[in-house]
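Peer 1: Submitted below is the structure of interest, expressed as C-alpha cells.
Derivation of every value follows stated rules applied to the coordinates shown; laboratory data play no part. Values in this document were obtained by computation on a predicted structure and should not be read as measured data. Positions of Cβ are backbone-derived with ideal geometry, glycine not excepted, and every protein chain shown enters the neighbour counts.
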Amino acid sequence: MPPVSYQVEDHRIFPNVLLAPMEGVTDVIFRRLVRQIGGCGLTTTEFVPSLGLSRGDKQIRQMVRFDADERPVAIQIFGRHPAIMAEGARVVEDLGATFVDINMGCPSKKVCAHSGGSALMREPDLAVDIVRAVRAAVRIPVTVKMRSGFDPAHKNAPELAWRCQEEGAAAVAIHWRTREDHYSGVRDVRPIAEAKDRLSIPVIANGDVVDVPSALAMFAETGCDGVMIGRGAMKNPWVLRQIADVLAGRTPTRVDPLEKKRVIVGFLDDQRLRAHTERGALGRFKGVAKHFFDSRDTGAREVRMRILRSQTIEEAKDIATEWYEELARREKSTAA
Ligand SMILES: Cc1cc2nc3c(=O)[nH]c(=O)nc-3n(C[C@H](O)[C@H](O)[C@H](O)COP(=O)(O)O)c2cc1C
C-alpha cells in the first residue's frame with residue numbers, strides 16, 4: 001500500500017494528498033472550499049513574483065493571504081534573481097507561511113521570458129543558486145516545484161531535484177510534463193520515479209491525477225511520497241478526500257448532488273463575502289465553477305453556458321441550485 005503521510009523537517013504532511021498551486025484558481029476561497037471538504041494535507045498559494053512581494057505590493061499580498069487555520073500552507077514565489085527571491089522568501093516567512101515554495105515549473109511566456117518558472121530548468125546553476133539564497137534567508141523549510149525538464153530531450157528533473165536537495169530543499173514536487181509539453185505530451189512518469197530513487201527528501205508526483213485509480217497508479221509507478229492535484233480538483237473538489245479515504249483504507253466518500261449544491265452555493269456566497277464587488281465575486285466564481293459541471297451529465301454544457309452568461313450572484317446561485325436539484329431527481333428516479 002502507498003504511504004499515508006510524509007515528513008518535511010518538523011511538519012507531518014497528512015494526508016499526503018496536496019492541492020496544486022493554480023494561478024487564478026487556488027486563492028484563499030477555493031483553498032478553503034477544498035479544505036472544508038477534506039483530504040488535503042497541504043495547500044499552496046498561486047505563484048507570486050518575489051519582486052512584488054519584497055516591495056510590499058498590496059495586490060500581491062492579497063494573492064498570498066491565507067486563513068488563520070490554514071496549516072500547513074506554502075506560499076509559492078517565482079523569479080530569477082537569487083537576492084530578490086531571498087527577499088521574497090523572508091516576506092513569506094514573516095507572513096507566517098509554513099513553507100516557501102520555489103516555482104521552477106511555470107511554462108507561461110510572461111514568467112519564462114524573465115528566466116523564472118520552468119526556464120530555470122534550462123539554467124540549473126541559476127536554479128541552484130536561487131535555492132541556496134532562499135535557504136540561507138529563512139528558517140522555514142524551502143520546497144521546489146518543477147517539471148520533468150524543459151523539453152522531452154532534456155528531462156533533467158532527477159539531477160536538478162537532487163542538486164536542490166543538496167542545497168537544502170526540504171521537498172520537491174515534480175509534474176511529469178516538460179515545459180514544451182505545456183498541458184499535452186505523452187505520459188512519462190519515469191523522471192519522478194528516478195528522482196524518488198535518488199533523493200532522500202520527499203518527492204511529490206504531479207500530473208493528471210484526477211481520481212482514485214490515477215492516484216494509485218502514480219504511487220505504484222513512481223514510489224512517490226505524495227500526490228499533488230491541480231485540474232482534477234477544479235472538476236471535482238472532492239477528489240482529494242476520495243483519494244485520502246482510499247489511502248486510509250476507507251471507502252471513498254460518495255458525493256450526492258445535494259451535497260454538491262450545498263458546497264458550490266456556499267462557495268459562491270463565500271466569494272461574495274470576500275470580493276470587493278459583486279462583479280469581481282461573480283468573475284472569480286465563473287472562472288472556477290465552469291469546471292464543476294461534469295460534461296458527462298446530460299445538460300451540463302448548457303448549465304455551464306448559463307452560469308457563464310449570468311449577470312448576478314443570485315442568478316448564478318439559482319442556476320446551480322436548480323441544476324443540482326435536477327440531478328438529485330434524476331438519481332432518485334434511476335434508483336427507483
Ligand atoms: C489554471 C492553472 C494555473 C496554474 N498555476 C500554477 C502556479 O501558479 N504555480 C505552479 O507551480 N503551477 C501552476 N499550474 C500547474 C499546476 O500546479 C500543475 O502542476 C499542473 O496543472 C499539472 O497538474 P494536474 O494535471 O493535476 O492539473 C497551473 C495550472 C493551471 C491549470
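Peer 1: For segment 6-247, what class follows from the C-alpha gyration tensor (a ≥ b ≥ c being the square roots of its eigenvalues): rounded when a/c is under 1.5, otherwise prolate if a/b is larger than b/c, else oblate? Walk me through the numbers on the way to the answer.
Peer 2: Values: a/c = 1.44, a/b = 1.09, b/c = 1.32.
Rounded shape, in that the Cα axes give a/c under 1.5.
Peer 1: Taking the Cα centre of each part, how many Å lie between segment 283-336 and segment 5-73?
Peer 2: Each part reduced to its Cα centre gives a spacing of 27 Å.
Peer 1: Using a Förster distance of 35 Å, how high is the FRET efficiency between Arg254 and Asp151, based on the Cβ-Cβ distance and rounded to 0.05? Write down the numbers at each step before the final one.
Peer 2: Values: r = 42 Å, r/R0 = 1.19.
Approximately 0.25, to the nearest 0.05.
Peer 1: List the residues whose amide H sits under 5 Å from the amide H of Ala171, counting only those 5 or more places along or on another chain, with H placed 1.01 Å from N in the peptide plane.
Peer 2: Those qualifying (amide H under 5 Å, at least 5 residues apart or on another chain) are Val144.
Peer 1: Arrange the following residues from fewest to most other Cβ atoms within 10 Å of their Cβ: Lys261, Lys110, Lys235. Spell out each step's value before the answer.
Peer 2: Numbers: Lys261 19, Lys110 11, Lys235 14.
Neighbour counts put them in this order, fewest first: Lys110, Lys235, Lys261.
Peer 1: Thinking of segment 257-335 as a set of Cα atoms, what percent of all their pairs are more than 22 Å apart? Before the final figure, lay out the partial values.
Peer 2: Numbers: 603 of 3081 pairs.
Summing the P(r) tail past 22 Å for segment 257-335 gives 20 percent.
Peer 1: Now for a separate question. Looking at the chain, what % of its DSSP beta bridges pair antiparallel, to the nearest 5?
Peer 2: Numbers: 3 of 33 bridges.
For the chain, the DSSP antiparallel bridge percentage is about 10.
Peer 1: Arrange Thr253, Thr26 by Cβ neighbour counts within 10 Å, fewest through most, would you? Walk me through the intermediate numbers first.
Peer 2: Values: Thr253 16, Thr26 24.
Sorted ascending by nearby Cβ count, the order is Thr253, Thr26.
Peer 1: Which FRET efficiency, nearest 0.05, do Leu126 and Val210 yield, Cβ-Cβ r, R0 30 Å?
Peer 2: Between Leu126 and Val210 the formula returns 0.35.
Peer 1: Take the alpha-carbon centre of segment 235-257, take the same for segment 197-230, and report the distance between them in whole Å.
Peer 2: A separation of 17 Å, based on Cα centres.
Peer 1: What is the extension gain from Ala68 to Glu166, computed as 0.36 nm multiplied by their sequence separation minus the C-alpha to C-alpha distance, in nm to one decimal? If you can, show how the numbers build up before the last one.
Peer 2: Values: separation 98, 0.36 × 98 = 35.28 nm, distance 3.24 nm.
Length gained, Ala68 through Glu166: 32.0 nm.
Peer 1: Mind checking which lysines have their C-alpha under 26 Å from Lys145, skipping anything on the same chain fewer than 8 residues away?
Peer 2: Qualifying lysines at Cα under 26 Å: Lys58, Lys109, Lys110, Lys155, Lys196, Lys235.
Peer 1: If the viscosity is 0.890 mPa s and the temperature 25 °C, what translational diffusion coefficient in µm²/s does Stokes-Einstein give for segment 188-336 when Rh comes from Kirkwood over Cα pairs? It would help to have the intermediate numbers written out before the result.
Peer 2: Working: Rh = 17.3 Å.
Diffusion coefficient, whole number: 142 µm²/s.
Peer 1: Sort the following peptides by mean Cβ neighbour count (other Cβ atoms within 10 Å, averaged over residues), highest first: 168-180, 324-336, 136-148. All intermediate terms of the calculation are to be shown ahead of the outcome.
Peer 2: Details: 168-180: 24.5, 324-336: 12.5, 136-148: 22.6.
Averaged packing, sorted descending, gives the order 168-180, 136-148, 324-336.
Peer 1: Please give, to one decimal in nm, the separation of the simple spin-label points placed at Gln311 and Ser333, each 7 Å out from Cα toward the Cβ.
Peer 2: A separation of 3.2 nm, rounded to one decimal place.
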